[in-house]
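Chemist: Below is the structure I would like to discuss, written out as structure tokens.
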Amino acid sequence: MLRKYETLFIVRPDLPEEQMAKVKERATAAVTSQGGLEIAYQDWGKKKLAYPVKKVQKANYVYFRYLAGGEAVAELERVLKVHDDVLRFITVKLGDRIDPATFDMEEDRKGIFPFNIKPREPSAERPAEEGDEEGVEGAPRRSSGSRWGEDGPAENTSADEGMGDEN
Amino acid sequence: MSTGGGGKKFFFRRKVCTFCADKGVALDYKDYALLRRFTTDRGRIIPRRISGCCAKHQRALTNAIKMARAIALLPFQAAED
Ligand SMILES: [Zn+2]
């Protein structure tokens, strides 16, 4: 039985591709080396930060979702913390007691939308450019989301002290 | 001076909690666009008496906003202007 986690982290912008690849390699290896399983690793692109972090105004948001035990999270966070190109990260537990044998990764991935910007009800302007998702229609696209408030705010760890410029 | 200005944000007390009313709206710290609607221009969390959120959802909202701040999706306090 594993738990489902997501770690969102920000990486220095304008890194060469191979450097970004290295970040990915390190992050995913940290999880898999502890018996975890990658569900999704997505680069959500560059975004202006709400406040500068380590003098950086804009950064790349990277989203990593995985099945793992607590040790994997610890290892991942350790790796991210020492990585110079990673500015900050936050980890949230999304699910408990998951049997990887029956877990449908494909399906789970469909519930991931960068910054939760989903193709809303197929009404107005935006015609879901991601194309078809089988049998959605009011289906629980949001259900894989996290539920604070109920079972407690799912172990959230924001980390990386070191910054804190002015704000 | 930025207060009344463009009538940008004028809060009315809402009778029902946004999140109770619309079960489709999930509270997620990554959804900064949604969360921002529950903060003032200066980035402060709008109190429950104004937003009309129920206690449960206000707590979840506060939580989500704080997490969004931690990862620089939302400001701790107003910066610009
Ligand atoms: Zn409510």
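Derivation of every value follows stated rules applied to the coordinates shown; laboratory data play no part. Just so you know, these numbers come straight off a predicted model, no measurement behind them. Here the Cβ is made from the backbone with ideal geometry for all residues, glycine too, and neighbour counts use every protein chain on show.
Chemist: Quantify how strongly other chains surround peptide B:59-67 by giving the mean number of their Cβ atoms within 10 Å of each of its Cβ atoms.
Modeler: Per-residue shielding by partner chains comes out at 4.
Chemist: Return A:Lys110, B:Lys15 ranked ascending by Cβ neighbour count within 10 Å, so the fewest neighbours appear first.
Modeler: Ordered from fewest to most neighbouring Cβ atoms within 10 Å, A:Lys110, B:Lys15 come out as B:Lys15, A:Lys110.
Chemist: What is the Cα centroid distance between the range A:14-46 and the range A:62-97, reported in whole angstrom?
Modeler: 10
Chemist: Additional query: So if we plug the beta-carbon distance of B:Thr40 and B:Lys15 into 1/(1 + (r/R0)^6) with R0 = 22 Å, what FRET efficiency do we get, rounded to 0.05?
Modeler: Calculated value: 0.60.
Chemist: How would A:His83, B:His57 line up from fewest to most surrounding beta-carbon atoms within 10 angstrom?
Modeler: The order, fewest Cβ neighbours first, is A:His83, B:His57.
Chemist: Measure up A:Lys22/B:Lys30; A:Lys4/B:Lys30; A:Lys118/B:Lys30; A:Lys47/B:Lys56; A:Lys4/A:Lys110; B:Lys15/B:Lys66 against 21 Å on the Cα-Cα distance and list the ones that go over.
Modeler: The answer is A:Lys22/B:Lys30; A:Lys47/B:Lys56; B:Lys15/B:Lys66.
Chemist: Sticking with this one: Would you mind giving the mean number of other chain beta-carbons within 10 Å of the Cβ of each residue in A:111-117, as a whole number?
Modeler: 4
Chemist: In whole Hz, what ³J(HN,Hα) sequence does the range A:16-23 give by Karplus (6.51, -1.76, 1.60; θ = phi - 60°), x for Gly and Pro?
Modeler: With coefficients 6.51, -1.76 and 1.60, one gets x, 3, 5, 6, 5, 5, 5, 4 Hz.
Chemist: Provide B:Thr18, A:Thr32, A:Thr7 in ascending order of the number of other Cβ atoms located within 10 Å of each residue's Cβ, fewest first.
Modeler: Arranged by neighbour count, lowest to highest, B:Thr18, A:Thr32, A:Thr7 become A:Thr32, B:Thr18, A:Thr7.
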